[in-house]
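Visitor: Here it is, the structure, as structure tokens.
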Amino acid sequence: MLSWANRSWRAMGSPAEMIVYGEHSDEAADRAVLAAERMEQAWSRFRPDSELSRLNASAGRAVEVSLLLWTAIERAAAGWRDTHGLFDPTVLPALRALGYDRTFAEVTRDGPAAAQPSAVPGFGAVQLDRANRRVTLPPGVEIDLGGIGKGLAADLTVVGLRRRGIMSASVSFGGDLRVTGPGPDDDAVWLTEVEDPFDDSQLLSFPLVEEAIVQSTRLFRTWNRGGESHHHLIDPRTGRSAHTGIAAVIVTGPEAWRAEVVAKAALVAGPEHGIALIEHLGLDGWILLDDRRQLATRYVETEVSRAR
């Protein structure tokens, strides 16, 4: 019997939501929640016993990793190559130096000046042995998959649901959303509302069909050290929080992990280069500037339904 199932829980430090339609939808949704827990256990930097934490503690030697962790690292490597290093998973030491050394709920919002930042080590130094699924981190190099993990979790969850025969699904981790199958709105789309990061009002709505939409913003995860404001989106070239005049980037495309990577890289790149990067990589989106002005790629500039 075809039916709808809904799940809301917390995963990867953020709210997670799932809407599923098909046969045995409740069973499929429950299994998907358990699968998401396995993903977090594989690539969370905040769990000392996670597979990623063990890999980071093994710098200097080759480590065979699970297929789940390998998938995340391989996607991260692709994101690093596609963005010419503007997205770089080796930002973890820089994040720690600036004060983001624990889950954000536990981060002290004010404190003494942060350590002097420097360019991140760079993902190019990481060795990937695809034949044996082994990863070698050079001494002093640690990786953080927070810049790709939520989007990838949404993608893998949707793929798993489809394999179990689910006809339609909408999966969101921390606002990184991936949909599949006919949606419940007019023309069988998933009409998705995007929040304005300045005031939580509705910024825009956009119809999704077999695709994803993500938002990356510097406004939510902020803290102070020595009177200086920091946020979690690091410019790999400096090791500092990126301040480019951009408040948020919204990207839509076939896969959430790639949209998430490109959104972060665009924020680091700055307004003009950011829009060019999104278009060059075959995606679409919007850039919201600090003064609330918006830039958009050519396609969504004409297709978006504004909801002001």
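Visitor: Please list, ordered by first then second residue, the pairs with beta carbon atoms under 7 Å, 6 or more apart or interchain, first in region 160-171 and on the phi > 0 side of the Ramachandran plot, second assigned to a strand (DSSP E or B) and modelled with pLDDT under 95.
Guide: Gly165/Glu23
Visitor: Using the structure shown, decide if Arg10 is of a type in the set (Lys, Arg), in contact (Cβ under 8 Å) with a residue 12 or more places away in the chain and surrounded by fewer than 13 Cβ atoms within 10 Å (Cβ to Cβ).
Guide: On the way: of a type in the set (Lys, Arg): yes; in contact (Cβ under 8 Å) with a residue 12 or more places away in the chain: no; surrounded by fewer than 13 Cβ atoms within 10 Å (Cβ to Cβ): yes.
Spelling it out, it is not the case that Arg10 is of a type in the set (Lys, Arg), in contact (Cβ under 8 Å) with a residue 12 or more places away in the chain and surrounded by fewer than 13 Cβ atoms within 10 Å (Cβ to Cβ).
Visitor: Determine whether Gly285 is of a type in the set (Gly, Ala, Ser) and surrounded by fewer than 24 Cβ atoms within 10 Å (Cβ to Cβ).
Guide: In short, no.
Visitor: Six or more apart or on different chains, Cβ atoms under 6 Å: show the pairs whose first residue is in region 21-41 and polar (S, T, N, Q) and whose second is surrounded by 14 or more Cβ atoms within 10 Å (Cβ to Cβ).
Guide: Hits for this filter: Ser25/Ala5; Gln41/Ser50.
Visitor: For Trp223, are the conditions met, namely being surrounded by fewer than 24 Cβ atoms within 10 Å (Cβ to Cβ), within 30 Å of Glu106 (Cα to Cα) and in contact with a Gly (Cβ under 8 Å, 6 or more places away or on another chain)?
Guide: The answer is yes for Trp223.
Visitor: Given the conditions (1) under 30 Å from His280 (Cα atoms); (2) surrounded by 17 or more Cβ atoms within 10 Å (Cβ to Cβ); (3) modelled with pLDDT of 95 or more; (4) touching a strand residue (DSSP E or B) at 6+ places or on another chain (Cβ under 7 Å), report the number of the one that Ala36 does not fulfil.
Guide: (1)
Visitor: Something else about it: Between residues in region 181-195 that are in contact (Cβ under 8 Å) with a residue 40 or more places away in the chain and under 12 Å from Val209 (Cα atoms) and residues that are part of a loop (DSSP other than H, G, I, E, B) and among the aliphatic types (A, V, I, L, M), which pairs lie under 7 Å by C-beta distance while being six or more apart or on different chains?
Guide: Final answer for the pair search is Gly181/Met167.
Visitor: To continue, here is another question. Step by step: first the residues of region 2-42, then only those that are part of a strand (DSSP E or B) and small (Gly, Ala, Ser), then the one that is farthest from Met167 (Cα to Cα). Which residue is that?
Guide: Ser14
Visitor: Any residue in region 78-96 that is modelled with pLDDT of 95 or more sitting within a Cβ distance under 9 Å of a residue that is among the polar types (S, T, N, Q)? List the pairs, counting only those 6 or more apart or interchain.
Guide: Trp80/Thr90
Visitor: Which residue, of Ala259, Ala269, Ala248, is at pLDDT 95 or above, more than 20 Å from Gly85 (Cβ to Cβ) and buried (at least 21 other Cβ atoms within 10 Å of the Cβ)?
Guide: Ala248
Visitor: Return the total of residues in region 42-56 being free of Cβ contacts under 8 Å to residues at least 40 places away in the same chain and closer than 20 Å to Gly122 by Cβ.
Guide: Total meeting the criteria: 0.
The values are calculated or read from the model by the stated rules, or taken from the named source; none is laboratory data. Being a predicted model, the structure only gives us computed values, none of them experimental. Every residue, glycine among them, receives a Cβ derived from its backbone with ideal geometry; neighbour counts consider all protein chains shown.
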